[in-house]
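Chemist: Quick one: this structure, given as structure tokens, is what I'll be asking you about.
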Ligand SMILES: [Cu+2]
């Protein structure tokens, strides 16, 4: 009788332990939220795209980006040097679990060069992000107002524009 009880307790706690382990394993991966871009003036001058990227999985690295609307896409960083705003290309962005990286005017941005079509406010276009480990992800980038903040629509919390 007592042997049976002990076995039951042991089996029971083993099941609970196995359960807890599965539940705590993060499996959401990389989430790209609020992707938007500046409208362009024709196709002669480049435009820029921005988003917030959060890594819910293992450490990774954003290595490159591509879109059918631009011939060349570079990851840039804006910085102030002696009161002058400069830009430089960065080879990639390190992604640490749970630490969101924000691409925004005045900081990191995706430079859209050699535009194949003008980017008009209200339009949207696909942008593919390539990572060192995680599979590539394509997001829908909304073209917003010139010099504007985030587009009005779309919840900040949801990352609902992801595909
Ligand atoms: Cu730039």
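The values are calculated or read from the model by the stated rules, or taken from the named source; none is laboratory data. Just so it is clear, the structure is predicted and the values come from calculations on it, not from any experiment. A quick note on method: Cβ atoms are made from the backbone with ideal geometry, for glycine too, and the neighbour counts reach across all protein chains shown.
Chemist: Among the residues in the stretch 85-95, are any within 20 Å of residue 143 (Cβ to Cβ), away from the ligand (no atom under 12 Å from the Cβ), modelled with pLDDT under 95 and not in a strand (DSSP E or B)?
Modeler: For the stretch 85-95, residues within 20 Å of residue 143 (Cβ to Cβ), away from the ligand (no atom under 12 Å from the Cβ), modelled with pLDDT under 95 and not in a strand (DSSP E or B): absent.
Chemist: Going by the structure shown, is residue 41 surrounded by fewer than 15 Cβ atoms within 10 Å (Cβ to Cβ), over 22 Å from residue 100 (Cβ atoms) and either out of contact with any helix residue (DSSP H, G or I) (no Cβ under 9 Å at 6 or more places or on another chain) or touching a residue at least 60 places away in the same chain (Cβ under 8 Å) (or both)?
Modeler: yes
Chemist: Would you please name the residue that is farthest from the ligand (Cβ to nearest atom), looking only at residues in the stretch 49-82 that are part of a strand (DSSP E or B), under 15 Å from the mean Cα position of the chain (by Cα) and under 15 Å from residue 143 (Cα atoms)?
Modeler: Looking at residues that are part of a strand (DSSP E or B), under 15 Å from the mean Cα position of the chain (by Cα) and under 15 Å from residue 143 (Cα atoms), I get 51.
Chemist: Among all residue pairs at least 6 apart or on different chains, which show Cβ distances below 6 Å where the first residue, located in the stretch 84-102, is touching a residue at least 40 places away in the same chain (Cβ under 8 Å) and the second is within 15 Å of the ligand (Cβ to nearest atom) and assigned to a strand (DSSP E or B)?
Modeler: Going by the 6 Å Cβ cut-off, the qualifying pairs are 101/93.
Chemist: Output the residue which, of all residues in the stretch 103-140 that are farther than 20 Å from residue 69 by Cβ and touching a residue at least 24 places away in the same chain (Cβ under 8 Å), is farthest from the ligand (Cβ to nearest atom).
Modeler: Kept after step one, since they are farther than 20 Å from residue 69 by Cβ, are these residues of the stretch 103-140: 104, 106-107, 131-135.
From what's left, touching a residue at least 24 places away in the same chain (Cβ under 8 Å): 104, 106-107, 131-134.
On the way: 104: 12, 106: 11, 107: 11, 131: 21, 132: 22, 133: 26, 134: 24 Å.
Restricting to residues being farther than 20 Å from residue 69 by Cβ and touching a residue at least 24 places away in the same chain (Cβ under 8 Å), the top hit is 133.
Chemist: Still on this structure, I have one more. For the stretch 96-109, how many residues meet the condition of being part of a strand (DSSP E or B) and closer than 16 Å to residue 35 by Cα?
Modeler: Taking the stretch 96-109 as the starting set, the residues that turn out to be part of a strand (DSSP E or B) are 96-97, 99, 101-103, 108-109.
Okay, now just the ones that are also closer than 16 Å to residue 35 by Cα, so 101-103, 108-109.
Summing the residues that are part of a strand (DSSP E or B) and closer than 16 Å to residue 35 by Cα in the stretch 96-109 gives 5.
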